[in-house]
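Below: the structure, in structure tokens.
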Amino acid sequence: MAPVITIDGPSGSGKGTISARLARHLGWHYLDSGALYRTLGLLAQRRGVRPDQVAELVDLARNLRLEFKDGHTLLDGKAVDAEIRSEQAGNAASRVAAVPEVRRALLEWQQAFAREPGLVADGRDMGSVVFPGAEIKVFLTAGPEERARRRYNQLKEKGFDASLAGLVKEIEERDERDRNRSVAPLKAPAAALEVDSTALSIDEVFARILVRVQQTFPDLGA
Ligand code: DC
């Protein structure tokens, strides 16, 4: 089995940036499981399938034609990068992700990403459910206000309209839903390296994680 590093945490904790950078640094594969749930949420919206229509959702999940190619997320061969990054898609993702049958239907698809030379997997339950045997588990957090501020800047950069107060509220609501759902709730897996990034730069967070990578895989020369 190829080595796996999992990076879990809430939206805006910096895990997407850190995970992609770590995968690039090591030359490993990268799984952005948030993009998977976001794409499914988008497809459900497009097809008019509600979160309580479980059989229909599972059907969409099983037949999802999703690819990650050259840094792009493709649904049925078409890039959906901008669409899945909207707040609306994030909320749709959080709702479909709360359905246990949907998570089960996507489990093996995600596990198939663990290929040589290794995988960096980013999400909410990568270390707890999808890759419980991962060699390194990281749990990244940051305060809700700081996460809302980062999200606000990101959305503005991409030309989306956003209100900071509205984002704080949405982030708190989404955290609540992700933390309290019955399957794979958002929490730090046992033996995870926990990093609070509220007052740290991306470089500082990356450096802390790299220390753990060097200890665990001394032969990589990372
Ligand atoms: O990390 P993100 O913001 O792109 O994730 C979008 C939503 O998908 C988030 O609200 C929770 C859900 N999600 C999940 O339940 N499990 C994962 N492994 C990844 C994301």
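Computed from the coordinates by the stated procedures, all read-outs in this text should not be read as laboratory data. Computed from a prediction, not measured in an experiment: that's the story for all the values here. Don't worry about glycine lacking a Cβ; one is built from the backbone with ideal geometry, like all the others, and counts go over all protein chains shown.
Per-peptide packing, taken as the mean over residues of other Cβ atoms within 10 Å, places 2-10, 17-25, 79-87 in the sequence 2-10, 17-25, 79-87 from highest down. Take the Cα of residue 17, step 7 Å toward its Cβ, do the same at residue 56, and the gap between the two points is 3.9 nm.
For residue 104, project a label point 7 Å along Cα to C-beta. Then give me every residue of segment 43-71 with its amide nitrogen under 20 Å of that point. 50-64, by backbone N distance to the label point.
Among the listed pairs 78/187; 15/69; 69/158; 158/187, a Cα-Cα separation exceeding 23 Å is found for 78/187; 158/187. For residue 7, the residues whose amide H sits under 5 Å from its own are 121, 122, 123, 138, ignoring neighbours fewer than 5 places away on the same chain, with H placed 1.01 Å from N. Taking Cα centre as origin and charging only the Cβ of basic (Lys, Arg, +1) and acidic (Asp, Glu, -1) residues, the dipole magnitude of the chain rounds to 260 debye. Between the amide H of residue 198 and those of 143, distances stay under 5 Å, these residues lying 5 or more places away or on another chain, with hydrogens modeled in the peptide plane. Label-to-label distance for residue 196 and residue 86 is 3.6 nm, based on points extended 7 Å past Cα in the beta-carbon direction. Comparing 43, 139, 189 along the charge dipole axis of the chain, the residue lying farthest to the positive side is 43, per the Cβ-charge model. Computed per residue of the chain from DSSP H runs no shorter than four, each worth -39500 (n - 2.57), the mean residue ellipticity at 222 nm is -15000 deg cm²/dmol.
Length, then width, then depth: along the principal axes, the Cα atoms of segment 74-219 run 46, 37, 33 Å.
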